[in-house]
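> The structure follows.
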Amino acid sequence: MFSPKTYIDRRRRLQKDVASGILLFLGNDDYGMNYADNTYHFRQDSTFLYFFGSDYAGLSAIIDIDNDEEIIFGDELTIDHIVWMGSQPTVREKSLLVGVNRTEPTARLYEILTRAMESGRKIHFLPPYRAEHQVKLMELLGITPKMQTEAASVDFIKAVVDQRSYKTEEEIIQIEESVAITADMHIEAMRMIRPGMKEADVAAAVTQIALASEGNISFPVIATINGQTLHNHYHGNVLKEGDMLLLDAGAENRMHYAGDLSSTIPVSRRFTERQKDIYRIALAAHQNAVAALKPGVPFKEIHLLAARTIVDGMKNLGLMRGDAAEAANAGAHALFFQCGLGHMMGLDVHDMENLGEVWVGYDGQPKSTLFGLKSLRLARKLEPGFVLTIEPGIYFIPELIDMWKAEKRFAEFINYDKVEEYRNFGGLRNEEDYLITPEGARRLGKHVPITIEEVESMR
Ligand code: GLY
Ligand code: MN
């Protein structure tokens, strides 16, 4: 936990930014996975953590801006809970650690909000992403789940995004730690992979490192020989000579800050020449993107730079043709690079994605609906303090190739006969995490082998 001052300062600024009304923060609860007592791993809501720091289930809070009052709501543990789950600090003790002096039982939240609504006061809440939040918002505010995202407070969202987007020095230390643990996960995978192992062996080994750091994984591990499926969570395949394993895995440290790295590792000790050809293109896109990172540059421009680099590389291999800028602007590269170049990272691996990409990644501007660009989570001008990922990839998805080929989509830019030769290539991606600095950008955590020579030297 940070010092109480950190949380007090954050809440004070939030009060100033939203200016009036009541801010409602719903912490997360323990939640049954298959029956009530067999719960999912508890993960506190990131915005609750950011402003109230308390990493316990069953808490909520309000900031009454007009009356300059902060209250944390929660119920003391029953003896049954203590018998099974152990004791915890009291709600008051938890609250004092983050500089909140007033606490109330959970039932009082309903009474206070009901009274506030009766007197016509504005209750600001954030878009819910869990059913438990939806039920609570319905009970507390009488808004049905269908209407809740629309009714969420844009002023509140914007004020939260305006703080959480700019990582402070004490947050950077936490993120560096998470990325360093994440790097160890990838380095271990590079060392251990052998033909005959299962994808599940790699997933288990990297998860072990995250758990042993006393944290957790920051998202479900992707360890797959079918890297062309962007979020592939199947781990049942056996690794064979000639395969590439795509590992996209990250740790969340004790303070719940995320790391997120991707590596592509040859199962044989060397990449094949064909794999090298494609790997070099993705790496060039990566390196060009990293070199372009600096304040003032829209991330969308850097995404398009990576897309143009991929088109250029594909042209050299004979898979594409024509003007690279025209092809990338039209979206023709998205046959191979369907997703975005990167995303914000912080307390969430896709930081604040629950608050809406339009506010987090687009500064309120509308998002493109073009295939490829519609998956770009971050487009806004970069600013010092942003932490983001760089993760270009090249993916041969047979169903997508068949569909585009049948439609003759972008036939002026794509040589479908040549693409056919690669239809079962699979996919690859590398990913690093960067802090935008006043001068440019700095890679976070420790270096993970990324060039062909570096990766092969680990095998
Ligand atoms: N690492 C998973 C993702 O960025 O979507
Ligand atoms: Mn990522």
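The values are calculated or read from the model by the stated rules, or taken from the named source; none is laboratory data. None of these values were measured; they are calculated from a predicted model. As a convention, Cβ positions derive from the backbone with ideal geometry for all residues, glycine included, and neighbour counts pool all protein chains shown. Surface accessibility is based on the protein's heavy atoms, side chains included, excluding ligands, DNA and RNA. Shrake-Rupley method; radii C 1.70, N 1.55, O 1.52, S 1.80 Å.
> Using modelled amide H (1.01 Å from N, peptide plane; none on Pro or chain starts), what sits under 5 Å from the amide H of ILE217, excluding residues fewer than 5 places away?
So ILE217 has HN proximity to GLU252.
> Carbon-plus-sulfur fraction of the accessible area of the chain, 1.4 Å probe, in percent? Please report the intermediate quantities before stating the final value.
Working: 10100 of 19470 Å².
Carbon and sulfur: 52 percent of the exposed surface of the chain.
> Further, regarding this structure: Ordering TRP84, TRP404, TRP359 by accessible area with a probe of 1.4 Å, largest first, what comes out? Can you show the working numbers first?
Working: TRP84 210, TRP404 5, TRP359 65 Å².
Listed by decreasing accessible area, they come as TRP84, TRP359, TRP404.
> Provide the convex hull volume over Cα atoms per residue for the stretch 15-87, in Å³.
Working: hull volume 7.4 nm³, N = 73.
Given the Cα convex hull of the stretch 15-87, per-residue volume reads 102 Å³.
> Continuing with the same structure: Note down the Stokes-Einstein diffusion coefficient of the stretch 124-245 in µm²/s, whole number, using a Kirkwood radius over alpha carbon pairs, 4 °C, and 1.567 mPa s. Don't skip to the end; give the middle numbers.
On the way: Rh = 17.9 Å.
The estimated diffusion coefficient comes to 72 µm²/s.
> Can you tell me the FRET efficiency between THR272 and LYS294 if r is taken as the Cβ-Cβ distance and R0 is 35 Å, rounded to the nearest 0.05?
Values: r = 36 Å, r/R0 = 1.03.
Efficiency at R0 = 35 Å is approximately 0.45.
> Mind checking the full-extension length gain between LYS408 and TYR56? Use 0.36 nm per residue of separation minus the Cα-Cα distance, one decimal, nm. All intermediate terms of the calculation are to be shown ahead of the outcome.
Values: separation 352, 0.36 × 352 = 126.72 nm, distance 5.46 nm.
Net length gain for the segment: 121.3 nm.
> Can you give the FRET efficiency to the nearest 0.05 for ALA19 and ALA284, using r as the Cβ-Cβ distance and R₀ = 56 Å?
Values: r = 48 Å, r/R0 = 0.85.
So the FRET efficiency works out to roughly 0.70.
> When a/c reaches 1.5 or more, the comparison of a/b and b/c decides; with that in mind, is the stretch 1-57 rounded, prolate or oblate per its Cα gyration tensor? Show your work: numbers first, answer last.
Values: a/c = 4.85, a/b = 2.09, b/c = 2.32.
Because a/c hits 1.5 or more and a/b fails to exceed b/c, the stretch 1-57 counts as oblate.
> Give, in nm to one decimal, the length gained when the segment between ASP64 and SER87 is fully stretched (0.36 nm per residue of separation minus the Cα-Cα distance). Intermediate values should be presented prior to the final figure.
Details: separation 23, 0.36 × 23 = 8.28 nm, distance 3.04 nm.
Answer, rounded to one decimal: 5.2 nm.
> Protein chains only, probe 1.4 Å: how do MET345, MET1 rank by accessible area, largest first? It would help to have the intermediate numbers written out before the result.
Working: MET345 0, MET1 105 Å².
Most to least solvent-accessible, the answer reads MET1, MET345.
> Moving to a separate point now. When a/c reaches 1.5 or more, the comparison of a/b and b/c decides; with that in mind, is the stretch 294-378 rounded, prolate or oblate per its Cα gyration tensor? Kindly include the intermediate steps, with their values, before the conclusion.
Working: a/c = 2.27, a/b = 2.21, b/c = 1.03.
The shape class here is prolate.
> With every protein chain left in place, what is the accessible area per residue of the stretch 1-131 in square angstrom, probe 1.4 Å? It would help to have the intermediate numbers written out before the result.
On the way: 6740 Å² over 131 residues.
Averaged over the residues of the stretch 1-131, the accessible area is 51 Å².
> Taking the simple approach of a point 7 Å from Cα along Cα-to-Cβ for both ALA325 and ARG191, what is their distance in nm?
4.7
> Taking the Cα-to-Cβ direction at GLU454 and at ARG423 and moving 7 Å from each Cα, how far apart do the two end points lie in nm?
3.6
> Then there is this: Please list LYS146, LYS198 in order of solvent-accessible area, largest first, computed with a 1.4 Å probe with all protein chains present. Kindly include the intermediate steps, with their values, before the conclusion.
Details: LYS146 185, LYS198 90 Å².
Sorted by accessible area, descending: LYS146, LYS198.
> With a bin width of 10 angstrom, please list the P(r) values of the chain as percents of all Cα-Cα pairs, from the 0 bin to the one holding the largest distance.
Once binned at 10 Å, the Cα pair distances of the chain give 4, 19, 27, 24, 15, 8, 2, 0.
> Quick one: Karplus J couplings for the stretch 75-87, per residue in order, coefficients 6.51, -1.76, 1.60, θ = phi - 60°, nearest Hz, x for Gly and Pro?
10, 5, 5, 7, 5, 4, 4, 5, 4, 8, 10, x, 8
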